[in-house]
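The values are calculated or read from the model by the stated rules, or taken from the named source; none is laboratory data. Note that the structure is predicted; figures quoted are calculated from it, not measured. So basically every Cβ, Gly included, is an ideal-geometry build from the backbone, and we count neighbours across all protein chains shown.
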2 protein chains.
Amino acid sequence: MYGNFSKEKLIALKTELEKTHEEYKSRELSLDMSRGKPGPDQLDLTNEMLTHCLDGDHISENGIDCRNYGVLDGIYETKRIFMPMLGVGRGEIIIGGNSSLNLMYDAICRAMLQGVYGGEKPWRMSGEIKFLCPAPGYDRHFAICEKLGIKMITVKMNTDGPDMDTIENLVSSDPEIKGIWCVPMYSNPDGITYSDEVVKRFADLKPKADDFRIFWDNAYCVHHIYDEPDSLLNILDECKKTGKEDMVYIFTSTSKISFPGGGLAIFAASEKNIEFVKNQLAVETIGYDKLNQLRHAKFFKDYDGVLAHMAKHRAILRPKFDMVLDTLEKELGILGIGSWHKPSGGYFISYNGPDNTARRTIALCKDAGVVMTGAGATFPYGIDPKDRNIRIAPTYPSVEELKIAMEIFCNSAKLASVELYL
Amino acid sequence: MYGNFSKEKLIALKTELEKTHEEYKSRELSLDMSRGKPGPDQLDLTNEMLTHCLDGDHISENGIDCRNYGVLDGIYETKRIFMPMLGVGRGEIIIGGNSSLNLMYDAICRAMLQGVYGGEKPWRMSGEIKFLCPAPGYDRHFAICEKLGIKMITVKMNTDGPDMDTIENLVSSDPEIKGIWCVPMYSNPDGITYSDEVVKRFADLKPKADDFRIFWDNAYCVHHIYDEPDSLLNILDECKKTGKEDMVYIFTSTSKISFPGGGLAIFAASEKNIEFVKNQLAVETIGYDKLNQLRHAKFFKDYDGVLAHMAKHRAILRPKFDMVLDTLEKELGILGIGSWHKPSGGYFISYNGPDNTARRTIALCKDAGVVMTGAGATFPYGIDPKDRNIRIAPTYPSVEELKIAMEIFCNSAKLASVELYL
């Protein structure tokens with residue numbers, strides 16, 4: 001819309017937006033919409049797990065003393081809770097430590113140094129290692145690749161998931177492509193859930209590399225926010241139909257169910273993958289923290305307990321997402337500045353402004369006391385080629401803080417856009 | 001002594017020992033002296049940590065919400081407890097997850113894939129990787145090397161630590177030697193503590209490789225059993241004197257202080273190493289479990305609290321070590337069969353029988369219902385060149401179980417020795 005404005009009108013508007021900006025600045029605010037952190041009220045929901053949960057009881061259902069060494073893949077009752085969450089069987093799951101990011105990093109290191117099930121040799125011994133990176137995506141996925149010297153190839157995101165034509169072409173022709181990052185449900189940052197067709201095409205990829213893996217980071221599988229949640233096909237089931245069940249590694253965690261600092265990370269895959277990985281894991285640890293696994297089992301009791309718990313998170317998060325989405329629509333949508341997907345769950349809203357405005361918008365936000373995720377963070381190597389994507393993380397601030405933070409964000413986005421036309 | 005026996009006498013003795021063996025077999029026992037696991041009574045000492053320890057209180061001294069993301073290197077009060085345990089400063093320590101074995105594995109993977117502070121390139125890019133392995137040693141150290149394709153070079157253990165002449169020669173001449181495994185106090189399995197001279201010679205190694213590291217697994221640093229504990233020089237202090245403080249990585253854990261399944265692992269090194277490693281760690285995890293760190297801080301309160309707690313462990317373990325050592329002396333020592341170091345702490349007693357008897361002794365034990373650590377486990381690649389070393393782990397069974405297990409062990413050792421002479 002600004003494109004139709006006269007120069008005089010744009011100058012007047014800019015003056016007005018700058019005045020508002022200065023007013024915000026004078027308040028000396030310190031607000032943070034940069035990271036996908038649960039708020040303290042969400043964490044309070046699980047406090048009981050920290051107190052009487054293990055009173056005098058540290059033995060698992062089948063007699064394991066959870067205080068002592070042993071049980072590499074997780075205790076019986078904890079597996080039982082999380083198997084239905086991912087739709088996998090008892091032989092297809094490992095309950096890990098407190099970080100699914102670490103499980104992913106670790107899986108890549110093992111693949112590089114030791115290889116994967118069915119692969120002829122370790123990744124490091126077959127030339128350059130490349131990963132496909134649908135973007136915008138999760139900055140910490142990309143950071144792992146960058147640190148380990150894995151070459152990242154950006155793949156664009158469509159409204160139903162990553163661009164499968166590109167992925168099919170690349171994966172089937174380049175044996176150096178060993179993996180792809182996916183956040184298939186309520187994707188980070190777009191909040192998009194992969195369509196059934198996209199999942200089926202993933203399950204039928206024909207990789208040139210015999211040791212290719214889909215890194216399926218299903219971090220937000222039960223993190224619905226609105227009444228009509230998205231649904232995602234079970235990738236392992238689909239892969240079984242195509243006979244390619246060894247092609248996918250699935251990850252999730254309770255970081256945003258119980259505690260980000262003290263939750264459980266979960267790895268799921270075909271039985272053959274799990275057996276192979278357990279054999280590798282046996283040299284890197286004697287076992288993960290079974291006491292924390294038992295705590296989770298006693299607190300949630302079963303998968304329904306998890307779902308009931310997520311409804312409590314939802315009640316806290318929904319007003320925050322409403323606030324962000326309503327403010328975006330009211331302030332920017334009607335002006336036609338920028339676009340975003342309205343997510344039904346997850347932890348983020350992904351704003352795409354006019355090209356070449358993201359850095360400037362984020363800088364203006366910072367100047368007025370609002371920290372956003374860094375510009376470019378959602379792209380490989382931190383470079384957003386169009387400089388337009390900004391990840392908004394609405395979960396940590398209170399609704400009141402979010403209100404003012406979003407007003408500042410919108411004013412900054414407008415100002416950055418007006419500057420484009422002058 | 002058996003060597004002086006007549007053939008008739010040996011045959012009679014063998015018959016007698018076999019009869020005793022059959023008697024043990026008929027009892028259908030199932031006893032385990034194979035792993036260094038604390039007994040349930042030891043774990044009970046720390047039960048309070050699991051109950052009211054965090055009642056309504058999950059904020060660290062300096063205001064960190066331990067339930068949420070953040071703080072890569074560990075919370076303030078937990079560092080304060082373990083700094084004096086290792087004799088290091090606040091900038092020289094990282095509190096990790098539940099497994100020091102995993103910290104070591106992880107440190108090696110990082111070194112292989114990314115390199116170490118001051119190194120020119122990742123280990124994997126400079127030819128074959130080799131580690132020196134004082135042996136008998138810890139089987140899980142050797143398993144890491146074997147799995148990652150690191151070539152192991154065995155170094156003999158003397159009564160004051162590993163043979164430093166060999167180590168100095170090898171390390172200073174071969175740039176492919178990137179590390180050495182050490183359990184410097186109450187070594188696994190011998191129970192030997194490195195002498196001051198040995199520590200000083202370690203601190204003054206002149207490695208040919210600029211990215212060489214001493215892996216100083218100080219697992220038993222406060223695990224004294226007898227009234228006159230060993231003492232160990234502080235390797236980091238000694239390395240500072242020689243200007244080589246970046247050469248050593250120190251590890252320990254509370255696995256045998258609090259819980260093997262739910263304790264804390266600790267990494268210590270020079271400030272430059274710590275800064276470098278933190279930068280690498282930042283991509284592999286957002287942080288370790290701070291709630292468990294807080295639990296430990298509240299339970300132990302300070303380092304004196306740890307020491308007082310270890311006195312309780314000592315009271316439980318001492319009768320077990322007495323039982324093993326007394327039985328060995330009474331049954332084998334007076335016959336001159338085998339030798340062992342009498343440890344003042346740690347978790348093991350290391351028995352060296354006559355050459356070519358370890359496998360047979362362990363097989364006889366198994367036949368009579370007593371599981372020992374596998375023959376050869378204490379050597380690289382599982383091969384004890386003299387087939388004589390057996391690791392005895394006396395901590396898990398009760399004193400009563402130990403009594404019978406040790407009787408069976410001694411009978412087996414005698415029988416294996418008698419068979420040698422026939």
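Within the range A:285-298, which residues are surrounded by 20 or more Cβ atoms within 10 Å (Cβ to Cβ) and not acidic (Asp, Glu)? Result: A:285, A:286, A:287, A:288, A:290, A:291, A:292, A:293, A:294, A:295, A:296, A:297. If only residues of the range A:146-156 that are within 13 Å of chain B (Cβ to nearest Cβ) and over 21 Å from residue A:386 (Cβ atoms) are counted, the one that is surrounded by the most Cβ atoms within 10 Å (Cβ to Cβ) is A:148. Considering the range B:240-257, the residues that are small (Gly, Ala, Ser) and touching a residue at least 24 places away in the same chain (Cβ under 8 Å) include one that is farthest from residue B:88 (Cα to Cα), namely B:255. Annotation note: Cβ proximity below 6 Å between a residue of the range B:268-295 that is touching a residue at least 24 places away in the same chain (Cβ under 8 Å) and a residue that is among the polar types (S, T, N, Q) and crowded, with 20+ Cβ neighbours inside 10 Å (sequence gap 6+ or interchain) occurs for B:280/B:114; B:284/A:102; B:285/A:99; B:285/A:102; B:289/A:98; B:293/B:78.
Only a single criterion out of (1) more than 26 Å from residue A:90 (Cβ to Cβ); (2) buried (at least 17 other Cβ atoms within 10 Å of the Cβ); (3) of a type outside the set (Ser, Thr, Tyr) is not satisfied by residue A:210, namely (2). Every test in (1) touching a His at 6+ places or on another chain (Cβ under 6 Å); (2) free of Cβ contacts under 8 Å to residues at least 40 places away in the same chain; (3) of a type in the set (Gly, Ala, Ser) is passed by residue B:375 save one, and that test is (1). Checking B:24, B:2 one by one, the residue that is surrounded by 11 or more Cβ atoms within 10 Å (Cβ to Cβ) and under 18 Å from residue B:400 (Cα atoms) is B:24 and no other.
Can you name every residue in the range B:296-329 that is farther than 28 Å from residue A:50 by Cβ and either touching a Cys at 6+ places or on another chain (Cβ under 8 Å) or in contact (Cβ under 8 Å) with a residue 40 or more places away in the chain (or both)?
Applying the first criterion (farther than 28 Å from residue A:50 by Cβ) to the range B:296-329 yields B:311, B:314-329.
Scanning the range B:296-329 gives B:314, B:316, B:317, B:318, B:319, B:320, B:321, B:323, B:324, B:327, B:328.
Quick one: in the range B:122-132, which of the residues that are within 11 Å of chain A (Cβ to nearest Cβ) and in contact (Cβ under 8 Å) with a residue 12 or more places away in the chain is farthest from residue A:145 (Cα to Cα)?
B:129
With respect to the conditions (1) under 24 Å from residue A:109 (Cα atoms); (2) buried (at least 23 other Cβ atoms within 10 Å of the Cβ); (3) not basic (Lys, Arg), residue B:282 falls short on a single one, namely (2). Of all residue pairs spaced 6 or more apart or on separate chains, those with beta-carbon atoms under 8 Å, a first member in the range B:222-236 that is of a type in the set (Asp, Glu) and a second member that is part of a loop (DSSP other than H, G, I, E, B) and surrounded by 15 or more Cβ atoms within 10 Å (Cβ to Cβ) are B:228/B:344; B:230/B:185; B:230/B:186; B:230/B:193; B:230/B:344.
Does the range B:342-360 include one or more residues that are more than 20 Å from residue B:159 (Cα to Cα), of a type in the set (A, V, I, L, M) and at pLDDT 95 or above? Walk me through how you get there before you give the answer.
Of the range B:342-360, the ones more than 20 Å from residue B:159 (Cα to Cα) are B:356-360.
Okay, now just the ones that are also of a type in the set (A, V, I, L, M), so B:358.
Right, trim to at pLDDT 95 or above and you get B:358.
Scanning the range B:342-360 turns up at least one residue that is more than 20 Å from residue B:159 (Cα to Cα), of a type in the set (A, V, I, L, M) and at pLDDT 95 or above.
Among the residues of the range B:94-121, the one identified as more than 14 Å from every other protein chain (Cβ to nearest Cβ) and charged (D, E, K, R) is B:120.
Yes/no per residue for (1) closer than 24 Å to residue A:47 by Cα; (2) assigned by TED's automatic domain parsing to the domain that holds residue B:275:
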| position | (1), (2) |
| --- | --- |
| B:39 | no, no |
| B:43 | no, no |
| B:71 | yes, yes |
| B:86 | no, yes |
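Being crowded, with 24+ Cβ neighbours inside 10 Å and of a type in the set (Asp, Glu) narrows it down to one of B:139, B:190, B:160, so name that one. Steps first, answer last, please.
Working: B:139 fails: crowded, with 24+ Cβ neighbours inside 10 Å; B:160 fails: crowded, with 24+ Cβ neighbours inside 10 Å.
Of B:139, B:190, B:160, the one residue that is crowded, with 24+ Cβ neighbours inside 10 Å and of a type in the set (Asp, Glu) is B:190.
Check whether at least one residue in the range A:5-19 is free of Cβ contacts under 8 Å to residues at least 24 places away in the same chain and among the hydrophobic types (A, V, I, L, M, F, W, C), and report yes or no. Yes, the range A:5-19 has at least one match.
When A:92, A:48 are checked against the criterion of being over 17 Å from residue A:236 (Cβ atoms) and acidic (Asp, Glu), A:48 stands alone in meeting it.
Picking from residues in the range B:331-342 that are in contact (Cβ under 8 Å) with a residue 12 or more places away in the chain and more than 25 Å from the chain's Cα centre (by Cα), the one that is farthest from residue B:420 (Cα to Cα) is B:331. Name the single residue, out of those in the range B:23-58 being free of Cβ contacts under 8 Å to residues at least 40 places away in the same chain and not in a helix (DSSP H, G or I), that is farthest from the other protein chains (Cβ to nearest Cβ). Here the residue is B:56. So for the range B:169-180 (the condition being more than 30 Å from residue B:286 (Cβ to Cβ) and within 16 Å of the chain's Cα centre (by Cα)), does at least one residue qualify? Taking every residue of the range B:169-180 in turn, at least one turns out to be more than 30 Å from residue B:286 (Cβ to Cβ) and within 16 Å of the chain's Cα centre (by Cα).
Which members of the range B:172-187 meet the condition of being buried (at least 24 other Cβ atoms within 10 Å of the Cβ) and in a loop (DSSP other than H, G, I, E, B)? So that I can check it myself, show each step before the final result.
First, pick out the residues of the range B:172-187 that are buried (at least 24 other Cβ atoms within 10 Å of the Cβ): B:178-187.
Hits for the range B:172-187 are B:183, B:184, B:185, B:186, B:187.
What residue, among those in the range A:59-93 that are at positive phi and surrounded by 18 or more Cβ atoms within 10 Å (Cβ to Cβ), is farthest from the other protein chains (Cβ to nearest Cβ)? Filtering the range A:59-93 for residues that are at positive phi and surrounded by 18 or more Cβ atoms within 10 Å (Cβ to Cβ), the one farthest from the other protein chains (Cβ to nearest Cβ) comes out as A:74.
Screening residue B:312 against (1) assigned to a loop (DSSP other than H, G, I, E, B); (2) surrounded by fewer than 15 Cβ atoms within 10 Å (Cβ to Cβ); (3) under 22 Å from the mean Cα position of the chain (by Cα) leaves a single unmet condition, (1).
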